[in-house]
Amino acid sequence: MRVVLAPDKLRGTYTADEAAAALSRGWRAVRPGDELVEVPLADGGEGTAAAILRARGGAWREAEVHDALGRSCTARFARLIDGSAALDVAEACGALRVADLPRDPLGASSFGAGELIRAAIADGALRIVIGVGGTASTDGGAGLRDALGRLPGDVELVAALDVQNPLLGPDGAAAAFGPQKGATADQVAELEERLRGLGLPTAHRPGAGAGGGIGAMLMALGAYPVPGAALVAEEAGLAGALGDAALCVTAEGRIDRQTLSGKVVAKVADICHVARVQCTAVGGIVEPGAAEELGRRGCETHEQGDLERAGRELASRWGSSSPSA
């Protein structure tokens, strides 16, 4: 039996590669004869560049940049075989980069992300796919703009967006994601005013609020916006991998309302539905409302944060219920 393992990262626990490997180990412990195909995915947040590099081939490059709180750090971008590049802004201004310091939602900057894009341009890349999510900053990409400077006319930017939120308002970057980055109610209000003060003409567009507003800034700079999960799934060849598969297992840390808005699990469920392949989504936490909606899309859910154990549990369940087992 052919089983496709197509998880996202579980932030703080597994990268997408590690998640796929853990599911594989668990499954093989129960059903060693099955054909397992690992297709690690991402949604425009951390791991986007790694998933594209794995799919297309190339090499990592390193650059000296600044993290969200202004410290020097080494970040990487992927230089792909075709000469283009892929990078995650979280490599520079990501929340995990500054997890060792007290959170500073008002002071956090996206400056390092602009430095990383400039490094990819200096390396000769004329097309750069930018994973926009996972930032510690909510500066509307102002720091990124300042570090990037004038964009060469022959460089194409593609913004891989991990959410569809606008820049401003109750669903915007400050209100929806500021509290996750440590912002108090008063700080959320101040961040909202700062974002409004940028006067970005792209503020209303879906995904403008991604990456603390980096989505809006990149679109204002001429970047072509795409849903990150869809882009990575296409780059990784998920639809092709599902050929002759009996089951696809996807995963993320928390399956909730946000999952349904363009995240990896929802995208995989939709692709499986079109391909008529059974899909099971594993989450460390599964909210009932999200599970119900995924069920309507033909995707079962399985609550388990230990993915190796989840692989064993799913393989055992399949073996006991499948007529071909």
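What follows draws every value from the coordinates through simple rules; no lab data is involved. As the structure is a computational prediction, the values presented were derived from the model and not from experiment. Ideal geometry is used to build each Cβ from the backbone, glycine not excepted, and the neighbour counts take in all protein chains shown.
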Check your understanding: GNM, the chain, Cα, under 10 Å: largest mean-square fluctuation among Gly57, Gly178, Gly289?
Key -> Gly289
Point to revise | 3J(HN,Hα) from dihedral phi, region 258-268, Karplus parametrisation 6.51/-1.76/1.60, rounded to Hz, x for glycine, proline | key: 5, 4, 7, 10, x, 7, 4, 4, 5, 5, 4
Review point. Bin by bin, in steps of 10 Å, what percent of the Cα pairs in region 140-195 do you find, going until the bin that has the longest distance?
Key: 21, 41, 28, 10, 0
Check your understanding: Between region 84-163 and region 257-325, what's the alpha-carbon centroid distance in Å?
Key -> 32
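So what is the relative contact order of region 58-117, in percent, for Cα pairs below 8 Å that sit 6 or more residues apart?
39 percent.
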Review point. HN-Hα J couplings of region 183-193 from phi, Karplus 6.51/-1.76/1.60, θ = phi - 60°, integer Hz, Gly and Pro as x?
Key: 7, 6, 4, 5, 5, 4, 4, 5, 4, 4, 5
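Note the direction-averaged projected area, equal to a quarter of the hull surface, for the Cα convex hull of region 88-177, in nm². Please list the in-between numbers first.
Working: hull surface 24.1 nm².
With every direction weighted equally, the projected area is 6.0 nm².
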Practice item. Going by C-beta contacts inside 10 Å, put Thr138, Thr259, Thr15 in order with the fewest on the left. Key: Thr15, Thr259, Thr138
Check your understanding: Which whole-number percent is the relative contact order of region 133-242 (Cα, under 8 Å, 6+ apart)?
Key -> 39
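What number do you get for region 150-294 when its Cα radius of gyration is normalised by 2.2 N^0.38 Å, N = residues?
1.20
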Study note, to complete from the structure: Expected vector for region 95-100, Karplus 3J(HN,Hα) from phi with 6.51, -1.76, 1.60 and θ = phi - 60°, integer Hz, x for Gly and Pro, equals 4, 5, 4, 10, 5, 7
**Study point:** Computed helical MRE - 222 nm, the chain, DSSP H runs ≥ 4 contributing -39500 (n - 2.57), nearest 500
**Key:** -11000 deg cm²/dmol
**Study point:** Volume per residue of the C-alpha convex hull in region 48-229, rounded to whole Å³
**Key:** 96
Check your understanding: If you average the sequence gap of Cα pairs under 8 Å that are 6 or more apart and divide by the length of the chain, what percent do you get for the contact order?
Key -> 20
